[in-house]
1. For the range 108-159, divide the Cα radius of gyration by the Kirkwood radius and give the resulting Rg/Rh value with two decimals.
2. Just to be sure I understand the model, the point goes 7 Å from the Cα along the line to the Cβ. What's the resulting Glu155 to Leu424 distance in nm?
3. If you take the square roots of the eigenvalues of the alpha-carbon gyration tensor of the range 367-443 and sort them as a ≥ b ≥ c, do you get rounded (a/c under 1.5), prolate (a/b over b/c) or oblate?
4. What Kirkwood radius, in Å to one decimal, follows from the Cα pairs of the chain?
5. Taking only Cα atoms, what is the 0 to 90° angle, nearest 10, from helix 74-87's long axis to the longest principal axis of the chain?
6. Rounded to the nearest 5, what % of the DSSP beta bridges within the chain are antiparallel ones?
7. How high is the relative contact order of the range 65-139, given as a whole-number percent (alpha carbon pairs under 8 Å, six or more residues apart)?
8. What whole-number value in Å² describes the accessible area per residue of the chain for a 1.4 Å probe?
Amino acid sequence: MSETREVDLVIKGGTVVSPSGTRKVGIAVDGGKVVAVTADEFLPPAKKTVDASGLHVIPGLVDTEAHPGCYSPLKDDLASESIAAVTAGVTTWGVHAPSTRMGHPDFAEYVQKEDVMSFHDSFPYFEALTESDSAIDIFLTYMLETDQQAEEIPEYAKDHGVTSYKLYLQAMSPESEPNWPGRRAGLGAGFDDGVCWVTMENVAALGRPGVVCMHCENWEIARIFDKRLKEQGRTDWATWSDRSPHYLEASHIRWYGDMAAEIGCPIYIQHSTTPESYKEILELRGRGVEIYAQTGPHWLHFGKGEHNAWRINVPLRSRENNPNIWTALQCGIIDSVGSDHVVAWEPADYESSYNENIWELKTGFTSRVEMHLPVLLEGVHQGKLTIERLVEVACANPARIFGVYPQKGLIEVGADADIVLVDLNKEVTVKNENVLTRSGWTCIDGHTIHGYPVATFLRGKQMSKFDDGAPGPEFIGDADGHYIRRTPGQDLLPVAGGNGARSEVRALPKLGKPEGSAVGIDV
């Protein structure tokens, strides 16, 4: 009888979590892939064995929205922020970038229209830097601005493996951006509904997993509120939320959702934060539109006007509205969670840029990726969602929607061995000194979180650890990330809820009327 060959890694003793439930099983990993999920006694011998007793074992998070390279050269951000991400449990990043923020050596701090280029000219820099500097795997979502870019979508899909595209709708008219530095974030051209139309046409023609991502927030109207609030002498931090009320998010969903319905294009709403938005999403699903919704940890955890929350777009909503977001996440209106991570601050900026006047305060919200999983785990602790639903919205659904499933987003034979060990009983009071983002501080400084990631594996290689008694998590890996190409035309089933179809019937709750909401909505 031949001797059983050793595998690279065995993780035993833990509770493996999937969207459908939990299992007391072990995992065998070889060549970067999961090769067995079975009872511990049936696991093969291994070169390395990890005891996960008392821990929950979840897939590495698929974070569908991050912006490395936004305000600093891509190489600098990948070197620090991908480390922060993997240490926090994220193993795959969906990076959103305009053509000017793809690692081109001529980094323009303030982008002008003439700086905007074809992605054919910038993609090679991005792919090379990902392979050399990233600690996690990355796929791309192109942020489009011009007719040329929209018309070249079939070429980008074929040549670059890019099947998701972003319309940053609040940046359509650069002259309507008095308070958000769009040109500093790499958006220089502006665009109109014609670009949106051609984008949707070409993405619809790709087939799955083609999808158009949209930041819905009408700044052409917000500039009017800007003017009026300033005339009233408003400078408090809640003003930032009042300048962009619920209607500006929901009305964009309605208008561009109708365009998607006409064309037959799948769409993905990046920041879904209001009951009015949820009503529009459900109505579009009822019309047969394949529409997905995302939220982020900052909207789940903070309320408007709070002094540790700074400025963000779309803005934070009222504390009264927070339960609506959690409810929409739990019941299936919201399909996924993304960090929207960006380094808007360098370490020296913190003291010099702080200002009690919201109009003078620098935009920033650090470190979003390092609060992504902890905030969701705190939600599990408080009974706001189940651990199974956490895995669904942070791992499986994002992977399915963006076409990296079943390589990513699950723990099953054949999948990449991207694995996170989570201690649901670990209580951590987060401090600035134990985050790894380059900015050196986090907006959840001083917040106590119940449940925390204690180890991350990327394709079977351990990348981080958070030992008992250690002051914080530690990166122990290397720049082992790869660029992920996706193939258009895959015959993938849509995520339950994305087009109104469900594998099970769930009773949808009534969403309350939060402070500042235009209407109360019974969903």
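1. Numbers: Rg = 12.5 Å, Rh = 12.6 Å.
With Rg and the Kirkwood Rh in hand, the quotient comes to 0.99.
2. 5.2 nm
3. prolate
4. About 23.0 Å for the chain.
5. 50 degrees
6. 50 percent
7. 42 percent
8. Spelled out: the 1.4 Å probe surface of the chain, per residue, equals 36 Å².
The values are calculated or read from the model by the stated rules, or taken from the named source; none is laboratory data. Nothing here was measured: the structure is a model prediction, and the numbers come from that model. Every residue, glycine as well, gets a Cβ built from its backbone with ideal geometry; the counts of neighbours run over all protein chains shown. Heads up: the accessible areas ignore ligands, DNA and RNA and are worked out on the full protein's heavy atoms, side chains in. Shrake-Rupley method; radii C 1.70, N 1.55, O 1.52, S 1.80 Å.
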